[in-house]
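Peer 1: Once you've had a glance at the structure underneath, I'll fire off some questions.
The values are calculated or read from the model by the stated rules, or taken from the named source; none is laboratory data. All figures in this text were calculated on a predicted structure; none of them were measured in a lab. Every residue, glycine as well, gets a Cβ built from its backbone with ideal geometry; the counts of neighbours run over all protein chains shown.
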Amino acid sequence: MSGPREKPESLEVDSRRVLVVTAALLLLVAGTALGFTLIFHNRIGTRFVPHTDFPAPAVITQERAQRLALEARQRKYLAGAHGRVPIKEAMRQIAARGAHAFDPVP
């Protein structure tokens, strides 16, 4: 309850603050809409997305053979196949640089 000597609150509102807050919110909404337009430009006007099923899980029948082939291919690469530097030679070159081993390559 208010006492007899208290003044009632003023009904005046600083309209500049209201306009600034309103303008800021409108700019935020417009910026968000523009951002979505720029990011999702290929989705504008799209009403539906064609349904695609995930492929069925496949059973790998030759898993051991595939692993052995992969390991053989990796061993060839490490040995210098296809013009690569063999791993032992590459490690020797790095070790030969000593303290400057990880400096940028000139």
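Peer 1: Which numbered condition in (1) modelled with pLDDT under 95; (2) assigned to a helix (DSSP H, G or I); (3) under 34 Å from the mean Cα position of the chain (by Cα); (4) of a type in the set (S, T, N, Q) is the only one that Thr22 fails?
Peer 2: (1)
Peer 1: Looking only at the stretch 61-84, how many residues end up being over 32 Å from the mean Cα position of the chain (by Cα), surrounded by fewer than 11 Cβ atoms within 10 Å (Cβ to Cβ) and of a type in the set (A, V, I, L, M, F, W, C)?
Peer 2: Matching residues across the stretch 61-84 total 2.
Peer 1: With the condition kept exactly as written, say whether any residue in the stretch 43-58 is loosely packed, with under 10 Cβ neighbours inside 10 Å and outside any loop (DSSP other than H, G, I, E, B).
Peer 2: There is no residue in the stretch 43-58 that is loosely packed, with under 10 Cβ neighbours inside 10 Å and outside any loop (DSSP other than H, G, I, E, B).
Peer 1: Tell me, please, whether a residue that is assigned to a helix (DSSP H, G or I) and under 33 Å from the mean Cα position of the chain (by Cα) can be found in the stretch 89-100.
Peer 2: No.
Peer 1: In the stretch 84-106, is there at least one residue being on the phi > 0 side of the Ramachandran plot and modelled with pLDDT of 90 or more?
Peer 2: Yes, the stretch 84-106 contains at least one residue that is on the phi > 0 side of the Ramachandran plot and modelled with pLDDT of 90 or more.
Peer 1: Among the residues of the stretch 61-88, which ones are touching a helix residue (DSSP H, G or I) at 6+ places or on another chain (Cβ under 7 Å) and either touching a residue at least 40 places away in the same chain (Cβ under 8 Å) or part of a loop (DSSP other than H, G, I, E, B) (or both)? Spell out how you get there, then give the answer.
Peer 2: Initially, the stretch 61-88 is screened for residues touching a helix residue (DSSP H, G or I) at 6+ places or on another chain (Cβ under 7 Å), giving 78, 84, 86-87.
Hits for the stretch 61-88 are Arg84, Pro86.
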